[in-house]
1. Out of all the residues in the range 1-47, which are hydroxyl-bearing (Ser, Thr, Tyr) and open to solvent by less than 30 Å² (accessible area, probe 1.4 Å)?
2. Being out of contact with any Lys or Arg (no Cβ under 9 Å at 6 or more places or on another chain) and touching a residue at least 12 places away in the same chain (Cβ under 8 Å): is that true of Leu35 here?
3. Output the number of residues of the range 40-70 satisfying the condition of being within 15 Å of Leu6 (Cβ to Cβ) and basic (Lys, Arg).
4. Tally the residues that are open to solvent by 20 Å² or more (accessible area, probe 1.4 Å), of a type in the set (A, V, I, L, M) and touching a residue at least 40 places away in the same chain (Cβ under 8 Å), restricting the search to the range 60-84.
5. Out of all the residues in the range 14-24, is one or more in a loop (DSSP other than H, G, I, E, B), at pLDDT 95 or above and in contact with a Gly (Cβ under 6 Å, 6 or more places away or on another chain)?
Amino acid sequence: MENTQLNDTRLSSHFRLGEFLNLSKYPDNKPTMQLVANMTYGCLMLLEPARQVVGPIIINSGFRSPRVNALVGGVKSSQHLQGQAA
């Protein structure tokens with residue numbers, strides 16, 4: 001799937017996959033379908049309800065591949081590796 005398609009993939013009403021991936025800086029930071037499902041669940045169950053309370057939420061990171069996690073100095077048990085961070 002092209003980066004443009006990934007960026008535009010909607011995870012919920014207000015969140016798109018591209019917000020979680022930072023493909024402009026890390027073009028190979030691509031999740032598996034299971035990890036996309038994890039991010040979708042997080043959006044639906046956590047981020048959308050939080051948005052209703054606090055207003056718009058800006059995501060600067062939500063998923064990191066093992067390579068990107070190592071590049072940014074992330075811990076080996078980072079929730080980013082599971083698509084469970086935002």
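1. Ser12
2. Numbers: out of contact with any Lys or Arg (no Cβ under 9 Å at 6 or more places or on another chain): yes; touching a residue at least 12 places away in the same chain (Cβ under 8 Å): yes.
Taking the combined requirement at face value, the residue satisfies it.
3. Count: 1.
4. Of the residues in that region, 1 qualify.
5. Let us first name the residues in the range 14-24 that are in a loop (DSSP other than H, G, I, E, B), namely 14-15, 17, 22-24.
Checking the rest, the ones that are also at pLDDT 95 or above come to 14-15, 17.
When the remaining residues are screened for being in contact with a Gly (Cβ under 6 Å, 6 or more places away or on another chain), the result is none.
Within the range 14-24 (the criterion being in a loop (DSSP other than H, G, I, E, B), at pLDDT 95 or above and in contact with a Gly (Cβ under 6 Å, 6 or more places away or on another chain)), the answer is no, since none of the residues qualifies.
Conditions tested, residue by residue: (1) modelled with pLDDT under 95; (2) farther than 18 Å from Gln84 by Cβ; (3) within 12 Å of the chain's Cα centre (by Cα); (4) not in a helix (DSSP H, G or I).
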| site | (1), (2), (3), (4) |
| --- | --- |
| Thr40 | no, no, yes, no |
| Met45 | no, no, no, no |
| Pro49 | no, no, no, no |
| Gln52 | no, yes, no, no |
| Phe63 | no, no, yes, yes |
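The values are calculated or read from the model by the stated rules, or taken from the named source; none is laboratory data. Since the model is a prediction, treat every value here as computed from it, not as a measurement. Quick reminder, even Gly has a Cβ in these numbers, built from the backbone with ideal geometry, and neighbours come from all protein chains shown. Accessible surface is based on the protein model in full, side chains and every heavy atom, while ligands, DNA and RNA are left aside. Shrake-Rupley method; radii C 1.70, N 1.55, O 1.52, S 1.80 Å.
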